[in-house]
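Reading through the structure tokens given below for one structure.
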Amino acid sequence: KTIKKLIKKKKKNFIISDQEGKPTYAQELASIIKFLLRDKKYKSLSRSIINITGKDKCTWYDFSKKIYIALKKNGMKNDCKIHPILTKQSTFKAKRPLNSNLSEEKFNIFFKNKIRKKSLDKAIIQCI
């Protein structure tokens, strides 16, 4: 939502291009949790930590560009320029790691062929 607001408000945005993660689509996360709660054979996992993230890796800059493209396809008239910057060039007070990808090893062991995740592009389209 923040990126969407920036794109709609400002003509020029400077977005971090060296911090990578896997954006998580909340609706998809909720579906996976419901699946786990309904199926009794996964009850033993209830005390485990299982990381669940989005399917695709990207930087904040990549994410912003994808959102911009989706907004344009949906008829947004605002013309916005998105420029990449490095973390060290930003003025953000909060420190963030360059790589915030979580290991989904446990998730993949138990659910790889049972739960299909949406691509980032499809999740963005649904959110817009």
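The values are calculated or read from the model by the stated rules, or taken from the named source; none is laboratory data. What you see is a predicted model, and the numbers here were worked out from it, not measured in a lab. Cβ placement follows ideal geometry from the backbone for every residue including glycine, while neighbour counts extend to all protein chains displayed. All accessible areas refer to the heavy atoms of the entire protein, side chains included, with ligands and DNA or RNA removed. Shrake-Rupley method; radii C 1.70, N 1.55, O 1.52, S 1.80 Å.
Assorted remarks:
- Remark: the residue 99-residue 85 segment gains 3.5 nm on full extension, using 0.36 nm per residue and subtracting the alpha carbon distance.
- Note on the chain: with a GNM built from Cα contacts shorter than 10 Å, the maximum mean-square fluctuation among 16, 115, 52 falls on 115.
- Shape of segment 25-128, Cα gyration tensor, a/c cut at 1.5: oblate
- Placed amide H near residue 24: partners under 5 Å, 5+ positions off or other chain: 54
- Label-reachable residues, segment 23-53, where backbone N falls under 17 Å from a point 7 Å from residue 114's Cα toward its Cβ: 29-53
- Averaged per residue, the chain has 75 square angstrom of accessible surface, using a 1.4 angstrom probe with ligands and nucleic acids left out.
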